[in-house]
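The structure under discussion appears below in the form of structure tokens.
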């Protein structure tokens with residue numbers, strides 16, 4: 001039986017596999033929902049006062065920089081960053097796949113196909129990691145840091161300087177006895193409301209930062225004057241809701257960065273107050289694959305997850321099948337003025 005590898009390894013089949021594979025909905029996706037835009041003009045991405053974000057070249061030093069594969073991210077091009085990764089099925093892998101497809105042993109066939117699809121799906125998951133990293137950088141710093149082959153770029157969304165604070169001395173929340181987090185939160189809410197008319201009603205932090213609140217003396221005594229209550233997550237969350245009208249989301253999860261180090265999506269010791277509703281959108285531009293290859297018989301393209309392009313190409317000498325996942329994306333942050341970011345320890 002003559003089996004064409006394109007019958008089983010094509011963007012349509014891959015797209016179906018990805019669609020049917022459960023994917024976690026992240027807090028970043030809820031706050032910055034996906035949207036598609038034509039082209040890749042960065043001037044369409046908005047920050048403070050609904051103005052285009054500031055793109056500047058800088059030699060910054062931050063722990064986590066988003067890696068873009070497009071080398072010409074410069075002040076002149078004003079383009080959204082381009083991400084691309086690929087996986088290659090060589091002649092040996094292809095022969096293994098063809099043997100499995102020809103076999104009456106459906107278990108073997110399914111195992112081989114599942115491994116290939118899982119590897120490809122990992123590229124799509126990786127694309128999602130890049131997006132979530134950018135969203136979390138916005139929530140924790142009001143900026144996105146991208147590194148490419150030639151440049152290091154800062155996307156500044158215009159977070160007001162008076163909506164940021166670094167606590168010091170006994171004011172640090174890690175000082176469980178002397179710090180007053182509730183007073184701090186109310187002060188931040190008042191400042192944002194005074195400046196924008198919007199009072200932040202939600203907060204984002206990590207487990208470590210949340211535990212500062214659980215162990216704070218003034219909070220524990222306010223919950224129970226005898227100090228005998230064991231403060232659980234649910235008790236503290238309800239207390240914060242009742243006391244200051246804030247719902248807290250604890251962000252967890254890590255990813256493997258380009259240098260193979262394990263990094264957190266959201267940093268410890270940062271407490272960000274945000275308003276209700278979406279804060280912006282995550283815009284996907286038109287990838288080169290989507291623009292040029294949709295009608296190319298040598299390559300097949302399918303779009304998944306709003307704007308992630310999955311492309312398969314077959315080379316004849318040697319016979320290889322390359323599957324490429326690419327995206328052009330950047331969040332907008334129209335509500336950046338309505339947040340307050342505090343480094344609490």
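Derivation of every value follows stated rules applied to the coordinates shown; laboratory data play no part. Every value quoted in this text rests on a predicted model; they were computed, and no experiment measured them. Note: ideal-geometry Cβ built from the backbone for every residue, glycine included; neighbour counts use all protein chains shown.
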task = Place the peptides 104-117, 236-249 in order of packing, highest mean first, counting for every residue the other Cβ atoms within 10 Å and averaging per peptide.
result = 236-249, 104-117
Rh (Kirkwood; distinct C-alpha pairs) - segment 85-156, Å = 15.3 Å
ask   = For residue 196 and residue 276 in the same chain, what is the full-extension length gain: residue separation times 0.36 nm, less their Cα-Cα distance, in nm?
value = 27.4 nm
request  = Can you give me the three principal axis dimensions of segment 126-185 from its C-alpha atoms, in Å, biggest first?
outcome  = 47, 26, 18
Spin-label model distance (nm) - residue 95 vs residue 162, 7 Å beyond Cα toward Cβ = 7.2 nm
query = Taking the Cα-to-Cβ direction at residue 88 and at residue 247 and moving 7 Å from each Cα, how far apart do the two end points lie in nm?
reply = 4.9 nm
task = Rounded, prolate or oblate: pick one for segment 141-231, where a ≥ b ≥ c are the square roots of the eigenvalues of its C-alpha gyration tensor, a/c under 1.5 means rounded, and failing that, prolate if a/b is larger than b/c, else oblate.
result = prolate
query = So how much slack lies between residue 30 and residue 177, counting 0.36 nm per residue of separation and subtracting their Cα-Cα distance, in nm?
reply = 49.4 nm
task = Please work out the Cα center distance from segment 204-227 to segment 131-179, rounded to the nearest Å.
result = 23 Å
key: Ranking of 214, 84 by count of other Cβ atoms within 10 Å, fewest first   = 214, 84
Per-residue Cβ neighbour rank within 10 angstrom, fewest leading, 141, 96, 30 = 30, 96, 141
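Arranged by the count of other C-beta atoms within 10 angstrom, fewest first, what order do 325, 166 take?
Ranking 325, 166 by Cβ neighbours within 10 Å, fewest first, gives 166, 325.
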task = With a 10 Å radius around each residue's Cβ, average the other Cβ atoms per peptide and rank 20-27, 338-345, 189-196, highest first.
result = 338-345, 189-196, 20-27
remark   = Yeah, segment 225-345 with a ≥ b ≥ c from its alpha-carbon gyration tensor (a/c under 1.5 is rounded, else prolate when a/b outruns b/c, oblate otherwise) is prolate
ask   = Roughly speaking, what is the stretch gain from residue 320 to residue 235, that is 0.36 nm per residue apart minus the C-alpha to C-alpha distance, in nm to one decimal?
value = 24.9 nm
task = Largest first and to the nearest Å, give the Cα extent of segment 169-300 along each principal axis.
result = 75, 39, 29
